[in-house]
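As structure tokens, the structure follows; a few thoughts come after it.
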Amino acid sequence: MTTFVLVHGAWHGGWCWRRVADRLRADGHEVFTPTLTGLADRSHLLSPTVNLQTHILDIANLLEWEDLEDVVLCGHSYGGMVITGAADRQSARIKTLVYVDAFVPANGECAMDSRPPDRVKLAYEQVRTVGEGWWMPPTPAASFRVNEADQAWVDAKCTNFPISCFTQRVHLTGGVDTISPKHYVRAAGYKAPQFDACVQRLTGAPGWKVSEMPCGHDIMVDMPDELSSLLEEAGK
């Protein structure tokens with residue numbers, strides 16, 4: 001049995017991992033799919049004070065209070081920022097890290113640093129026009145290239161997201177660098193220069209395994225069987 005902690009990305013919640021979690025639990029694994037503060041079933045906690053550090057503590061504290069060991073810690077998209085910070089704090093509890101079409105930050109970086117300029121401009125415009133100066137409305141599922149059958153479901157579940165989560169910088173001590181191997185999974189059906197850059201940087205890098213899946217950005221929605229298999233393999 002392997003312990004998995006699956007961390008969602010911006011606008012999403014623990015709900016997006018349902019199909020993957022069901023498959024992993026059916027195979028006898030222990031699976032946690034926490035929702036980050038202020039999102040989805042915890043959207044009642046959304047406030048201007050919620051930021052990247054809040055979400056890093058969500059996951060670091062889960063690992064500690066549940067006494068988890070030998071964890072496969074997986075993050076999707078913005079969740080890559082979160083798992084990097086949490087793993088840096090709790091590296092002794094982590095067996096491996098899996099980044100699913102996700103940011104892989106270095107010390108001192110924020111998500112906005114690697115987003116395309118047009119996406120950065122759009123985010124600030126949305127914050128100014130509809131987000132009360134601090135939150136971003138959900139990106140449509142169609143833009144993430146979610147399969148057509150699931151787009152309405154994903155759109156109905158996504159919630160507003162604080163821009164501070166994208167602008168706050170992650171501060172690392174080096175603990176995350178002690179974890180090996182790490183895995184990166186690219187969604188080949190979703191155009192995203194920031195994630196292409198991760199693939200280019202990590203392919204052939206010591207301690208990294210890089211692969212891709214032919215689907216949209218929400219791999220856990222589009223290809224749950226294949227992603228579950230990859231996660232199980234990572235946990236061996």
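Of everything in the stretch 1-42, what is of a type in the set (A, V, I, L, M), under 20 Å from ASP150 (Cβ atoms) and over 11 Å from the mean Cα position of the chain (by Cα)? Give them in sequence order.
The answer is VAL20, ALA21, LEU24, LEU39, ALA40.
If you scan the stretch 207-232, which residues turn out to be in contact (Cβ under 8 Å) with a residue 24 or more places away in the chain and in a loop (DSSP other than H, G, I, E, B)? Step through it out loud before you land on a result.
The initial filter retains those residues of the stretch 207-232 that are in contact (Cβ under 8 Å) with a residue 24 or more places away in the chain, namely 207-222, 224-225, 227-228, 230-232.
Matches in the stretch 207-232: GLY207, PRO214, CYS215, GLY216, HIS217, ASP218.
So, in the stretch 80-122, of the ones that are in a helix (DSSP H, G or I) and polar (S, T, N, Q), which residue ends up farthest from ILE163 (Cα to Cα)? Outline the logic, then answer.
Our first condition is that a residue be in a helix (DSSP H, G or I); within the stretch 80-122, this holds for 80-89, 91-93, 111-113, 117-122.
With polar (S, T, N, Q) added as a condition, the list becomes 84, 91.
Values: THR84: 19, SER91: 27 Å.
Selected residue: SER91.
If I go through the stretch 54-79 residue by residue, how many of them are outside any loop (DSSP other than H, G, I, E, B) and over 8 Å from the mean Cα position of the chain (by Cα)? Give the steps one after another, and end with the answer.
Kept after step one, since they are outside any loop (DSSP other than H, G, I, E, B), are these residues of the stretch 54-79: 54-65, 71-76, 79.
Narrowing further to those that are over 8 Å from the mean Cα position of the chain (by Cα): 54-65, 71-73.
Residues flagged as outside any loop (DSSP other than H, G, I, E, B) and over 8 Å from the mean Cα position of the chain (by Cα) within the stretch 54-79 amount to 15.
If a residue must be touching a His at 6+ places or on another chain (Cβ under 9 Å) and among the polar types (S, T, N, Q), how many such residues does the stretch 163-203 contain?
Number satisfying all stated conditions: 0.
Criterion first (open to solvent by 10 Å² or more (accessible area, probe 1.4 Å) and at pLDDT 95 or above) does LEU24 satisfy it? Steps first, answer last, please.
Numbers: open to solvent by 10 Å² or more (accessible area, probe 1.4 Å): no; at pLDDT 95 or above: yes.
When the stated conditions are applied, LEU24 does not pass them.
Let me confirm something: among LEU122, LEU62, which residue is open to solvent by 20 Å² or more (accessible area, probe 1.4 Å), out of contact with any helix residue (DSSP H, G or I) (no Cβ under 8 Å at 6 or more places or on another chain), closer than 20 Å to VAL31 by Cα and not charged (D, E, K, R)?
Checking each option against the conditions leaves just LEU62.
Give the residues of the stretch 162-206 that are open to solvent by less than 10 Å² (accessible area, probe 1.4 Å) and part of a loop (DSSP other than H, G, I, E, B), sorted by residue number.
Once the filter is applied, which keeps residues that are open to solvent by less than 10 Å² (accessible area, probe 1.4 Å) and part of a loop (DSSP other than H, G, I, E, B), the stretch 162-206 yields VAL170, ILE179, ALA192.
Mind checking whether some residue in the stretch 124-134 is within 29 Å of VAL176 (Cα to Cα) and in contact (Cβ under 8 Å) with a residue 40 or more places away in the chain?
Our first condition is that a residue be within 29 Å of VAL176 (Cα to Cα); within the stretch 124-134, this holds for none.
No, that holds for no residue.
So which residues in the stretch 185-206 are in contact (Cβ under 8 Å) with a residue 40 or more places away in the chain, farther than 25 Å from ASP22 by Cα and among the hydrophobic types (A, V, I, L, M, F, W, C), if there are any at all?
Passing the criteria: ALA192, PHE195, ALA197, CYS198, LEU202.
Residue-wise test of (1) under 27 Å from GLN200 (Cα atoms); (2) out of contact with any strand residue (DSSP E or B) (no Cβ under 6 Å at 6 or more places or on another chain); (3) not small (Gly, Ala, Ser).
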position: ALA142; (1), (2), (3): yes, yes, no
position: ASN147; (1), (2), (3): yes, yes, yes
position: PHE161; (1), (2), (3): no, no, yes
position: GLN168; (1), (2), (3): yes, yes, yes
position: GLY175; (1), (2), (3): yes, yes, no
position: THR178; (1), (2), (3): yes, yes, yes
position: LYS182; (1), (2), (3): yes, no, yes
position: GLY189; (1), (2), (3): yes, yes, no
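The values are calculated or read from the model by the stated rules, or taken from the named source; none is laboratory data. Note that the structure is predicted; figures quoted are calculated from it, not measured. Backbone-built Cβ (ideal geometry, glycine too); neighbour counts: all protein chains shown. For accessibility, only protein heavy atoms count, side chains too; no ligands or nucleic acids. Shrake-Rupley method; radii C 1.70, N 1.55, O 1.52, S 1.80 Å.
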